[in-house]
1. On the given criteria, is GLN330 open to solvent by 80 Å² or more (accessible area, probe 1.4 Å), out of contact with any Pro (no Cβ under 6 Å at 6 or more places or on another chain) and not β-branched (Val, Ile, Thr)?
2. Determine which single condition ILE190 fails, assuming it passes every other condition in (1) in contact with a Phe, Trp or Tyr (Cβ under 7 Å, 6 or more places away or on another chain); (2) under 17 Å from SER438 (Cα atoms); (3) surrounded by fewer than 20 Cβ atoms within 10 Å (Cβ to Cβ); (4) of a type in the set (Val, Ile, Thr).
3. Out of ILE66, ILE80, ILE56, report the one residue that is in a helix (DSSP H, G or I), β-branched (Val, Ile, Thr) and open to solvent by 40 Å² or more (accessible area, probe 1.4 Å).
4. Using the structure shown, decide if PHE174 is at pLDDT 90 or above, of a type in the set (Phe, Trp, Tyr) and open to solvent by 10 Å² or more (accessible area, probe 1.4 Å).
5. Based on this model, can you work out whether SER471 counts as part of a helix (DSSP H, G or I) and either at pLDDT 95 or above or charged (D, E, K, R) (or both)?
6. In the set GLY433, GLY402, GLY395, GLY469, which member is open to solvent by 10 Å² or more (accessible area, probe 1.4 Å) and either over 20 Å from the mean Cα position of the chain (by Cα) or in contact (Cβ under 8 Å) with a residue 40 or more places away in the chain (or both)?
7. One residue is enough: does the stretch 334-342 have a residue meeting the conditions within 20 Å of the chain's Cα centre (by Cα), open to solvent by 60 Å² or more (accessible area, probe 1.4 Å) and either modelled with pLDDT under 85 or over 30 Å from THR184 (Cα atoms) (or both)?
8. Criterion first (in a helix (DSSP H, G or I), open to solvent by less than 10 Å² (accessible area, probe 1.4 Å) and under 17 Å from GLY63 (Cα atoms)) does PHE482 satisfy it?
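The values are calculated or read from the model by the stated rules, or taken from the named source; none is laboratory data. The structure displayed is predicted, hence computed values, not measured ones. Note: ideal-geometry Cβ built from the backbone for every residue, glycine included; neighbour counts use all protein chains shown. SASA here: full protein model, heavy atoms, side chains in, ligands and nucleic acids out. Shrake-Rupley method; radii C 1.70, N 1.55, O 1.52, S 1.80 Å.
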Amino acid sequence: MSRNGSILRNTDWLTIGLYVCLVVFGWVNICGATYNFEQTNILDFSNRAGKQFVWILTSLVLGGAIMLIDSKTFDLLSWILYGVWLLVLILTPLFAHNINGSLSWISFGSVSLQPAEFAKCVTALALAKYMSRYEFRVRGLLDFIVPFVLIAVPMLIIMVLQKETGSALVFAAFLLVFYREGMTGYILLIVAAAVAFFILVIRMGVVPLPLGIGSWGMLVSMLIILAIEIIFLYFKFTGRSQADHFCRLSALIMLGVIVSVFGIALFINIWADNIRYEWIGIGLIGASFVYLIYLALRWRQRDILFLLIFIFFSVLFCYSCDYVFEHVLQPHQRSRIEVLFGLKDDPSGVGYNVNQAKIAIGSGGLTGKGFLKGTQTKLQFVPEQATDFIFCTVGEEWGFVGSAAVLLVYMIFILRLIFLADRQKDRFAQIYGYSVASIFIMHLVINIGMVLGVLPVIGIPLPFFSYGGSSLWGFTLLLFIFLRLDASRVEKM
C-alpha cells in the first residue's frame, strides 16, 4: 500500500468527524449571530458568515496538507519554529493596530491575523521536543525549570508587550501536561490556593467581622493556611516510624492550640471588642512556622520544607493581593473583577456583556427560539456575540438541549484526544497530544465560564465556534499535527 494510503487508513476519522461537526455547527451559529433582516444570502462574503465560510474551507485544506507532511518534520523543526515565532511575537507590537488596548493583531490588506493564536502550537511542539529527550527524567521540581521557561517566555511576551491577557493565560494549560508527566500535585495546590486567597481577600476583604476588628477575607485565609498545615502533617506522614507518629501527634496538638486560642479570644471579646483576629491568625502561623522548622530539623523530614515554603509565600501573597489589585491590574480588569465578585453593579457598563449574554441564554429556554430567530442576537444586544460570546447564540437559538449537546460533543472530543495521547508509544507525540487536550480544556472552561458570568471576561475564543481565521487556523494546526503524529504511530510500531 502507498504511503498516502497508509495515512488514510491510520487516520483517526472519529476525531476528524467531531472536528467537522464542531466547525460546521460553529459556522451555523456565526450565521445566526451576524444575520440581519436585510440580508438575503448567508454566503455573502461581505459579512462575517461568508468570510468564516472561506476560513473553514482554507482550514480543511490546511488540515489535509498537514496530513501529507512527514511526521518527523514536526520533531525536527520544533526548536526552529519556536525560535522564529518568539521573534514574530516580539515584533508584532511594532506593526499591530491598537484594538481595545491590545497590540496583537497584524493586518495584511483586508485580512488580520493574531500570531498569539499560533504560539500555543509551536510552544507545545517545543515542550514535547524537550520533554521527550532520552535524558529527560522527572526526579523533582528542578527538572521542570526548562519546561516552565519554555511556556513562560511566550506567555510574558504576549501579556506584557502585546497586552493580551486572555491569550497569555491559556498557557497555564501546560501545567496539566506537567502534572501528567510527573510534576508534584503540590504545584496545582499552590495555584488553586492562590486563586482562593485572591478571591477571599478581594471579595471578603470588605466584609467586617461581627465580633472584633478586621475582615472575613484575611481571617478565613489565615485559617485555611493553618488548616492546610494540620492536614498536611496528619495525612502526609502515615507510616509507623517514630517520626511519622510524632508529626501526626503534632498536627492534633496544633489543632487543639488553634481552637483554644481563638476560643479564648472570643471569650475575651465579650468585654473587649477591639481584638484583631487577623493578628491572632498571623501569630499562630508564625508559631507553627517555627515549630515546623524544629520538626524538619529533628526528624529530617524534607517534605516539611515544602510546607514551610508554602506558608511563607501564602502569607506574602495574601498581604500583596490588595496592592496587586489596586496598582498592577489595569482599570478595566479591576472593574471586571469587581462586577464578577458583586463588589460593583454596572449593568450598563462593564457588566453589560455578561448580563446580556445571560439574558440571551435564559431566553432560549429548553429548546431555543430556532435558527435565525434569536431576538437578543438579531437586535445586537450582546457585543462580540460572534466571537468571544458566541455561546450565548447557541443558548438563545438552540436552548438548553442544544447547549448541552454542544458541550457533550466537546467532552467526547477532548476525551478522544486524551485517549489518543495515552496510546502513543512515541514520547514526543504523547506529550504533544496531552498539550493539545489541555489547551482545548482551558479554552472551553474559560470561555463558557466567562459567558455564564462565573469567570472574569478576558476575551478568548470558543474553539471552532468563534468567528476568526486566526483562532480557526490555530486550532486546526494544533489538532491536525497531532492527528498526523497519531497516524504515523502504526508505521513506527
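1. Spelling it out, GLN330 is indeed open to solvent by 80 Å² or more (accessible area, probe 1.4 Å), out of contact with any Pro (no Cβ under 6 Å at 6 or more places or on another chain) and not β-branched (Val, Ile, Thr).
2. Condition not satisfied by ILE190: (2).
3. ILE80
4. No; evaluated as a whole, the condition is false for this residue.
5. Here the answer is no, as SER471 does not meet what is asked.
6. After ruling out the rest, the residue left standing is GLY402.
7. The answer is yes; a qualifying residue exists.
8. Numbers: in a helix (DSSP H, G or I): yes; open to solvent by less than 10 Å² (accessible area, probe 1.4 Å): yes; under 17 Å from GLY63 (Cα atoms): yes.
Yes.
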